[in-house]
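Single-structure report; data block below.
Every read-out reported here was derived from the displayed coordinates using simple, explicitly stated rules and does not represent laboratory data. Treat the numbers as computed from the prediction; the structure is a model and nothing was measured. Positions of Cβ are backbone-derived with ideal geometry, glycine not excepted, and every protein chain shown enters the neighbour counts.
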Amino acid sequence: MTEFWEASFMENQAMWGYEPSDSSILTKDFFLEKNVKDILIPGIGYGRNAKIFIDNGIQVTGIEISETAIKLATEAGLPVPVYHGSVEEMPYDNRLYDGIYSYALIHLLSPEAREKFIKDCFNQLKPGGYMVFTTIFKDAPMYGKGRQLDKDYYEIMEGLRMFFYDADSIRQEFGHYGLFEITEIAEPNKHAPDKPSFPFLMVKCQKR
């Protein structure tokens, strides 16, 4: 599995570019509004979505499975601690965070791993803290493509499995974890503006 992510990362890093996603900009604004001071970013990658938080005075800790991504982040001078490993092995520390931000990750996990991931993130929130997830929406063009594994769950290509969310499945999986908002967002490919935007859902929860 790790080899798949390394190969995928090397293939797609140029496509992702270095500008933060629109979801990350919106989440940064939300965290600043809520006075969030330190956050955990599972799946931090090479840091393109982390820098905007750092530049706005938010302390960041990351988790990343790809050694290549961590190396690139280090070479770029990303000034944050990053745990090397899978989000399925959380928690990596006993800290509680003001916020947790997960971009385009949870839909790549198995049903059991998604359930554990949400719970682990929630458990690492301080009381009153917020967690924000962005995930692929069923309106995505690859929905229904490849080999169907379960309801809304497909193996798009060998080694790449995706679960496609809608509002009902969001409420089902996040409903016990302080879910208070689901927003549709068309995420543009800023590195290739001629390509169509990606339909995402932004999920916000609070640990009340």
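Got a sec? Which of Asp152, Asp139 is crowded, with 17+ Cβ neighbours inside 10 Å and under 18 Å from Asp168 (Cα atoms)?
From the options Asp152, Asp139, the qualifying one is Asp152.
Among (1) touching a residue at least 24 places away in the same chain (Cβ under 8 Å); (2) surrounded by fewer than 21 Cβ atoms within 10 Å (Cβ to Cβ); (3) at negative phi; (4) not acidic (Asp, Glu), where does Ala104 come up short?
(3)
Quick one: which residue in Ala69, Ala73 is touching a residue at least 60 places away in the same chain (Cβ under 8 Å), outside any loop (DSSP other than H, G, I, E, B) and either at positive phi or not β-branched (Val, Ile, Thr) (or both)?
Among Ala69, Ala73, only Ala69 is touching a residue at least 60 places away in the same chain (Cβ under 8 Å), outside any loop (DSSP other than H, G, I, E, B) and either at positive phi or not β-branched (Val, Ile, Thr) (or both).
Considering only segment 76-100, state which residues are under 26 Å from Leu26 (Cα atoms), in contact (Cβ under 8 Å) with a residue 24 or more places away in the chain, outside any helix (DSSP H, G or I) and in contact with a strand residue (DSSP E or B) (Cβ under 6 Å, 6 or more places away or on another chain).
Val80, Val82, Leu96, Tyr97, Asp98, Gly99, Ile100
Residue check, Lys119 against (1) closer than 15 Å to Ile63 by Cβ; (2) outside any strand (DSSP E or B), all met but one. Which one?
(1)
What's the total number of residues in segment 29-44 that are in contact (Cβ under 8 Å) with a residue 12 or more places away in the chain, surrounded by fewer than 22 Cβ atoms within 10 Å (Cβ to Cβ) and not in a loop (DSSP other than H, G, I, E, B)?
Residues meeting the conditions: 4.
Check whether at least one residue in segment 80-97 is under 12 Å from Lys207 (Cα atoms) and in contact with a Gly (Cβ under 7 Å, 6 or more places away or on another chain), and report yes or no.
Checking segment 80-97: at least one residue is under 12 Å from Lys207 (Cα atoms) and in contact with a Gly (Cβ under 7 Å, 6 or more places away or on another chain).
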